[in-house]
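Below is one structure, written out as structure tokens; the observations come after it.
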Amino acid sequence: MQTHGRWEQRWHPLRSEWVVIAAHRQDRPWHGATVTSQVSPPDYLENCFFCPGNLRVSGARNENYQGIYAFDNDHPCVGVTAPHELAPPSGIYRNRPADGVARVVCYSPKHNLTLAELDVSEIEALLKVWQAQYSELGARPEVRHVLVFENKGEVVGVSNPHPHCQIYATNFVFKTIENEATLSRQHFDDTGRILFQDILKAEHDDGRRIIFENSSAIAFIPYFARYAYESYVAPKATHSGLAGLDSNELHDLAEALKVMAVRYDNLWSMPFPYVMALHHAPTDGGDYNGFHFHIEFHPPLRKPNLLKYLAGPEIGGGNFLSDTLPEDKAQELRDLSDIHYKIARSAL
Ligand SMILES: [Zn+2]
Ligand SMILES: [Zn+2]
């Protein structure tokens, strides 16, 4: 068996850790669809907490919104109402109030759409809402970082398919971002170069993992991907946050996001589950010039109905073991159409 390149360790420069690629032991390629046909939900549901005009658990009523709708999360993990009178723990242990703001952003009043089914102008409008939220929440004195993320699909624990993302504006910097910021700073001090620009250069030099690019944005599976279909969507120019992008860059980024989301859905002709996260620099007043804003997709499925299980190496040891080769997975995504499968079907 040809194992060259299929069995090796790859350095993850944004995490400073090894990823073990063990694609040589992958069983036969998967053939044919096994996904059962999905019943499409209606575009409005009376008991959905996110549909326009509906009552939420908190007793608040959603506006009869037409476009994008942001509101405070009814079950916040961080919030202005978090208890401030805390019992001190023993010894070296520490605690503090869970200060911050948690919000929900609905992408559309339509219950049955996904990011992939929004058109580029609607995704652009969403990017502008994220820009505004990032600027507003990041300016709050207690907020050190704004994490915008979307969990999509039941396999990542989402029971309500209404298209939405969440925002956690926290009093701490999430660990992944802190690592990226530290490593970007170190790389800049050592080389005088931006770490993410060196990643983009390496991706361009190789070329096999690039899914899509236009004049100012790019989508690719990184060389060091930990999940089979992990991808990065980013502006080509370095900005520490989404707020720094001009209108052309926003449009190009919206187009790259659209292509990526459509190809994901087209892969197995099903709404493709993922965790999507915007990686912004912290808003704690530090110097983050070397930080390059990007969006990461972490899809948990390796095949339809087959999850990437996190087990001994990942949970027990903390490093990822990947059974697939990023170049193979990128090729699969490169070969797909940019027309969403639902539209292709309805045109038949
Ligand atoms: Zn809904
Ligand atoms: Zn990142």
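The values are calculated or read from the model by the stated rules, or taken from the named source; none is laboratory data. From a predicted model like this one, the values you see are computed outputs, not experimental measurements. Virtual Cβ from ideal backbone geometry, glycine too; neighbours counted across all protein chains shown. Accessible surface is based on the protein model in full, side chains and every heavy atom, while ligands, DNA and RNA are left aside. Shrake-Rupley method; radii C 1.70, N 1.55, O 1.52, S 1.80 Å.
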Residues being within 13 Å of ligand 2 (Cβ to nearest atom), open to solvent by 20 Å² or more (accessible area, probe 1.4 Å) and in contact with a Phe, Trp or Tyr (Cβ under 7 Å, 6 or more places away or on another chain) - total across region 145-179: 1
Among residues of region 107-164, those that are closer than 15 Å to L278 by Cα, in a helix (DSSP H, G or I) and within 16 Å of ligand 1 (Cβ to nearest atom), counted: 1
Flag for R209 being away from ligand 1 (no atom under 16 Å from the Cβ), touching a residue at least 60 places away in the same chain (Cβ under 8 Å), in contact with a Pro (Cβ under 7 Å, 6 or more places away or on another chain) and farther than 27 Å from D284 by Cα: yes
Residue within region 255-271 that is open to solvent by 20 Å² or more (accessible area, probe 1.4 Å), at pLDDT below 95 and acidic (D, E) present: no
Members of region 195-206 found to be in contact (Cβ under 8 Å) with a residue 24 or more places away in the chain, more than 11 Å from ligand 2 (Cβ to nearest atom) and surrounded by 18 or more Cβ atoms within 10 Å (Cβ to Cβ), listed by number: L200
Flag if E136 is at negative phi, surrounded by fewer than 19 Cβ atoms within 10 Å (Cβ to Cβ) and not basic (K, R): yes
Single condition A344 does not satisfy, out of (1) open to solvent by less than 40 Å² (accessible area, probe 1.4 Å); (2) in a helix (DSSP H, G or I): (1)
Some residue of region 180-194 being surrounded by 16 or more Cβ atoms within 10 Å (Cβ to Cβ), among the polar types (S, T, N, Q) and under 18 Å from the mean Cα position of the chain (by Cα): no
Criterion: open to solvent by 20 Å² or more (accessible area, probe 1.4 Å), within 19 Å of Y223 (Cβ to Cβ) and either of a type in the set (V, I, T) or modelled with pLDDT under 95 (or both) - qualifying residue of D287, D328, D323: D323
